[in-house]
Amino acid sequence: MSIYLSIIYLIATVTFIVGLKNLGHPATAKKGNLISALGMGLAIVGTIVLTENEISPIIYGLIIGAIVVGGIIGWVIAMKVEMTKMPELVSLFNGFGGASALLIGLVEFNKNIGVAEADKASAAIISTIISAIIIGSITFTGSLVAWAKLNGSMKDLRLPKYNLINNILFLILLAFAVYIVLIGSDSSLLIYVLLVASLVYGYLFVAPIGGADMPVVISLLNSLTGIAAAITGILYGNMVMLVGGILVGSAGLILTFAMCKAMNRSLASVIFGAFGGAEAVGTSTG
Amino acid sequence: MNQFIEFISQNLELIYILILAIFIGVELIKNVPTVLHTPLMSGANALSGVVIVGAIIVMLQSDPENYLALGLGFVAVVLGIINVVGGFAVTDRMLQMFKKKK
């Protein structure tokens, strides 16, 4: 990696920390948001411009095309949405971030398929890839469900004994992931089964939770997206992703607890209680 | 198991940074006023869009002939940048509203 890019990542990382700090105080919050946005822009432009590989113009074109298309979509949605619909929009955006992490994981796993034994990624690398896929998938479907619920387009779904079902599914998911790492599998079938199972788990995880508790769940899923970003950061040895992701991960988790406290609820009762339909409405907005 | 110990010893610096960053994140958010919870969540969400850097790296590293990797990378970049741009823009709008009320 070029030294200039490393310096840019360093600057971006500092802007994330300063930005988050400023976001925590009413007087400086707007400035804080701008500072982090600036740092993010620097990191993105730097990554594209300061690469040392020989890049074909087609790929450059595709990257810039993707950024222009996505940037316009994101900007238009953000500007058009009504004030009252903002929390659900945050959830939708968060789901996109999770999907991005899971796609990165899939591409990296595919690189491992059909290569010679000596070139295969180590078990440690495979576990980071698989964690990115699992966490990215859970946040993707989970955030979409949260978005749909706040939207009013989805009702609470409570299977009988849903807590038991969810926890068992989660354990199976973990065991399956460990199994893939241990046998050093490069089968794309196994990874797609894992992908689908994680997507289903994300759905089932959020589906029983009542609408009033959704902000807490969105904050939790947001924290998870940060962790997924950090994991992909480890994969590429990329500091800005690692630190940015972990900051969101830990800050998001603390924020989740703070939101629970503001609602007089425990995180466990939000996730496993699933009765937040009516009674918590009054206190949740605070 | 040996592989994991090897991984840890090779990435010791990374692990130090990881642990320090966890504590910074906790300290930054401690004692935030309740009114700022939602904008803060939105701002943190925009930050988690940093995953787009990885999506760009995926595209930069892929072979121009590898359509699957390029396609997935393209979608990852689009979704990531929506998260970033949309996230920061929505946070800004929220804070604007917040200022007017004061």
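The values are calculated or read from the model by the stated rules, or taken from the named source; none is laboratory data. No experiment lies behind these values; they were computed from the predicted model shown. Cβ: placed from backbone, ideal geometry, glycine included. Neighbour counts: every protein chain shown. Note: accessible area is taken over every heavy atom of the protein model, side chains too, but ligands, DNA and RNA are not part of it. Shrake-Rupley method; radii C 1.70, N 1.55, O 1.52, S 1.80 Å.
Worth a mention:
- Largest to smallest accessible area among A:Asp156, A:Asp119, A:Asp213 [probe 1.4 Å]: A:Asp119, A:Asp156, A:Asp213
- Heavy atoms of A:His25: accessible area, 1.4 Å probe, square angstrom to 10: 90 Å²
- When the alpha carbon gyration tensor of segment A:1-54 is reduced to an equivalent ellipsoid, the three semi-axes, largest first, read 27, 9, 5 Å.
- In terms of its Cα atoms, segment A:64-191 spans 54, 48, 20 Å along the principal axes, sorted from long to short.
- Projected-area mean, chain B, by convex hull of Cα positions, square nanometres: 9.6 nm²
- Taking a straight line from the alpha carbon of A:Lys21, these aspartates and glutamates sit under 18 Å away, with near neighbours fewer than eight places off in the same chain left out: B:Glu27, B:Asp92.
- Considering only Cα atoms, the convex hull volume of segment A:1-120 works out to 153 Å³ per residue.
- Listed residues A:Ser219, A:Ser36, A:Ser131, most fluctuating in chain A (Gaussian network, C-alpha, under 10 Å): A:Ser36
- Taken along its three principal axes, the alpha carbon spread of segment A:215-259 comes to 33, 12, 9 Å, from the longest extent down to the shortest.
- Stretch in chain A that is longest and holds no GluC sites (Glu not before Pro) that DSSP places in a loop and that have at most 16 other beta carbons within 10 Å: A:83-278
- For chain A, the Cβ-based charge dipole about the Cα centre amounts to some 800 debye (Lys, Arg positive; Asp, Glu negative; other atoms uncharged).
- The B:Tyr16 and A:Leu159 beta-carbon pair, evaluated with R₀ = 45 Å, returns a calculated FRET efficiency of approximately 0.55.
- Stokes-Einstein diffusion coefficient of the protein assembly as shown, Kirkwood radius over Cα pairs, 25 °C, 0.890 mPa s, in µm²/s: 118 µm²/s
- Scattering curve values for segment A:84-284, log₁₀ I(q)/I(0), Debye with Cα scatterers, q = 0.17, 0.18 Å⁻¹: -1.11, -1.21
- Backbone HN-Hα couplings from phi across segment B:78-89 [Karplus 6.51/-1.76/1.60, Hz, Gly and Pro as x]: 4, 5, x, 6, 4, 4, 5, 5, x, x, 5, 5
- Stretchable slack from A:Leu171 to A:Val49, in nm (0.36 nm times residue separation minus alpha-carbon distance): 39.6 nm
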